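Engineer: Take a look at the following structure, please.
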Amino acid sequence: MKKTSVIFSIIFSILLSLSSCASDSIVPGRQSRVIQNLYNEYMNLGDAYYELKKYDKAAVYYQSAMESKELYWAACNKLAETYVKQSKWTDSEALYQKLLKRDPENVQLKEVLAYIYASSGKFNESVSIYEQLRKDFPESQTIFENYIVVLISSEKYEEARTETENLLAQFPDNAKVTVFNNKINELSKKTEDNKEGVTTPVSEEQDKKSSGKKNQPDEFEDFEGLVDIDKVN
């Protein structure tokens, strides 16, 4: 209820700004300030809808805010996040590539782009990003874990097994090693069974789960928390 009232308040501010813009058109300098305030309110409205998880509406207002030179990149970033939340992989990929071109050393942007690639089935591109990140940040446990995730998701099971052994050697207390090994064993066995024509029984719950997936391999499902989009700057 509180968030909804915030939205109504912002909409009222926008209406006031539009009214002021019309009446102050002959006042030097004032119209430009009023217009900028209007863009600020578009941004605020986008944020409010984003918090309510109404991403379709949030996207509309972020697009409007991008018409402001001052807000362009902030709104572009938020619009890209919104597209990810909506699983609009083609749109989000285009925006994150644009953001990375502007800030090529931003690690978090690279990780999100790798997530987008993996989510849309472009696993080679995702693996390529993490291979470079591993070289650049060899002491990062999180990057190491995410690298293994995309290897598993791209069905590179032997590489994933080797890297999981390396993860254990470098970080002996890592809690995800067992999870990775179990997943690798499960999926590699499933692959071998498929080659041999062996049918693996599927529970009703698993069948429902997989039928609801779109453009995302089943093995990536367990790792959807790969990147926290809300923490990307």
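Engineer: Please work out which one of (1) in contact (Cβ under 8 Å) with a residue 40 or more places away in the chain; (2) in a helix (DSSP H, G or I); (3) open to solvent by 50 Å² or more (accessible area, probe 1.4 Å) is the condition residue 87 fails and give its number.
Structural biologist: That leaves (2) as the condition not met.
Engineer: Only one of 65, 59, 80, 114 is under 28 Å from residue 167 (Cα atoms) and small (Gly, Ala, Ser). Can you tell me which?
Structural biologist: Among 65, 59, 80, 114, only 114 is under 28 Å from residue 167 (Cα atoms) and small (Gly, Ala, Ser).
Engineer: Okay, moving on. Starting from residues that are farther than 16 Å from residue 138 by Cβ and in contact with a helix residue (DSSP H, G or I) (Cβ under 6 Å, 6 or more places away or on another chain), keep the ones in the range 165-180 and report whichever is surrounded by the most Cβ atoms within 10 Å (Cβ to Cβ).
Structural biologist: 180
Engineer: How many residues are on the phi < 0 side of the Ramachandran plot and not in a helix (DSSP H, G or I) if we restrict to the range 97-135?
Structural biologist: Selection size over the range 97-135: 6.
Listed here are the residues, each with its yes/no results for (1) out of contact with any Pro (no Cβ under 8 Å at 6 or more places or on another chain); (2) more than 13 Å from residue 131 (Cα to Cα); (3) of a type in the set (Gly, Ala, Ser).
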position: 143; (1), (2), (3): yes, no, no
position: 154; (1), (2), (3): yes, yes, yes
position: 157; (1), (2), (3): yes, yes, no
position: 163; (1), (2), (3): yes, no, no
position: 174; (1), (2), (3): yes, yes, no
position: 183; (1), (2), (3): yes, yes, no
position: 186; (1), (2), (3): yes, yes, no
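Engineer: Just one of (1) without any contact (Cβ under 8 Å) to a residue 60 or more places away in the chain; (2) assigned to a helix (DSSP H, G or I); (3) open to solvent by 60 Å² or more (accessible area, probe 1.4 Å); (4) closer than 23 Å to residue 129 by Cα trips up residue 57, so point out which.
Structural biologist: Residue 57 satisfies all of (1) without any contact (Cβ under 8 Å) to a residue 60 or more places away in the chain; (2) assigned to a helix (DSSP H, G or I); (3) open to solvent by 60 Å² or more (accessible area, probe 1.4 Å); (4) closer than 23 Å to residue 129 by Cα except (4).
Engineer: Which number in (1) in contact with a Phe, Trp or Tyr (Cβ under 6 Å, 6 or more places away or on another chain); (2) crowded, with 18+ Cβ neighbours inside 10 Å; (3) touching a residue at least 24 places away in the same chain (Cβ under 8 Å) marks the one condition that residue 81 misses?
Structural biologist: The number of the failed condition is (1).
Engineer: I'm checking my understanding of the structure. Among residues of the range 40-82 that are under 16 Å from the mean Cα position of the chain (by Cα) and among the polar types (S, T, N, Q), which one is farthest from residue 96 (Cα to Cα)?
Structural biologist: Among residues in the range 40-82 that are under 16 Å from the mean Cα position of the chain (by Cα) and among the polar types (S, T, N, Q), the one farthest from residue 96 (Cα to Cα) is 82.
Engineer: Right, residue 146: buried (at least 18 other Cβ atoms within 10 Å of the Cβ) and assigned to a helix (DSSP H, G or I) or not?
Structural biologist: In short, yes.
Engineer: Hey, another quick one. Which pairs do you get when a residue that is open to solvent by less than 40 Å² (accessible area, probe 1.4 Å), found in the range 117-132, comes within reach of a residue that is among the small types (Gly, Ala, Ser) and outside any helix (DSSP H, G or I), reach meaning Cβ atoms under 6 angstrom, with the pair 6+ apart or on two chains?
Structural biologist: 123/154; 127/154
Engineer: Let me ask something else. Tell me, yes or no, whether the range 18-28 has at least one residue that is among the aliphatic types (A, V, I, L, M), more than 19 Å from residue 98 (Cβ to Cβ) and at pLDDT 90 or above.
Structural biologist: The answer is no, given that none of the residues of the range 18-28 is among the aliphatic types (A, V, I, L, M), more than 19 Å from residue 98 (Cβ to Cβ) and at pLDDT 90 or above.
Engineer: Every residue in the range 166-185 that is assigned to a helix (DSSP H, G or I) and over 16 Å from residue 150 (Cα atoms), please.
Structural biologist: Matches in the range 166-185: 168, 169, 170, 178.
Engineer: Are there any pairs with C-beta distances below 6 angstrom linking a residue in the range 182-196 that is closer than 12 Å to residue 164 by Cβ to a residue that is surrounded by 13 or more Cβ atoms within 10 Å (Cβ to Cβ) and among the basic types (Lys, Arg), with the two at least 6 apart or on different chains, and if so which?
Structural biologist: Pairs found: 184/161.
Engineer: So how many residues does the range 90-111 have that are surrounded by 19 or more Cβ atoms within 10 Å (Cβ to Cβ), closer than 12 Å to residue 143 by Cα and touching a residue at least 60 places away in the same chain (Cβ under 8 Å)?
Structural biologist: So the answer is 1.
Engineer: If you don't mind, another one. Looking at 155, 139, which one is part of a loop (DSSP other than H, G, I, E, B), over 26 Å from residue 59 (Cα atoms), modelled with pLDDT under 95 and open to solvent by 20 Å² or more (accessible area, probe 1.4 Å)?
Structural biologist: Checking each option against the conditions leaves just 155.
The values are calculated or read from the model by the stated rules, or taken from the named source; none is laboratory data. Predicted model, so just to flag it, every value in this text is computed and none were measured. As a convention, Cβ positions derive from the backbone with ideal geometry for all residues, glycine included, and neighbour counts pool all protein chains shown. Remember, those area values only see protein heavy atoms, side chains included, never the ligands or the DNA or RNA. Shrake-Rupley method; radii C 1.70, N 1.55, O 1.52, S 1.80 Å.
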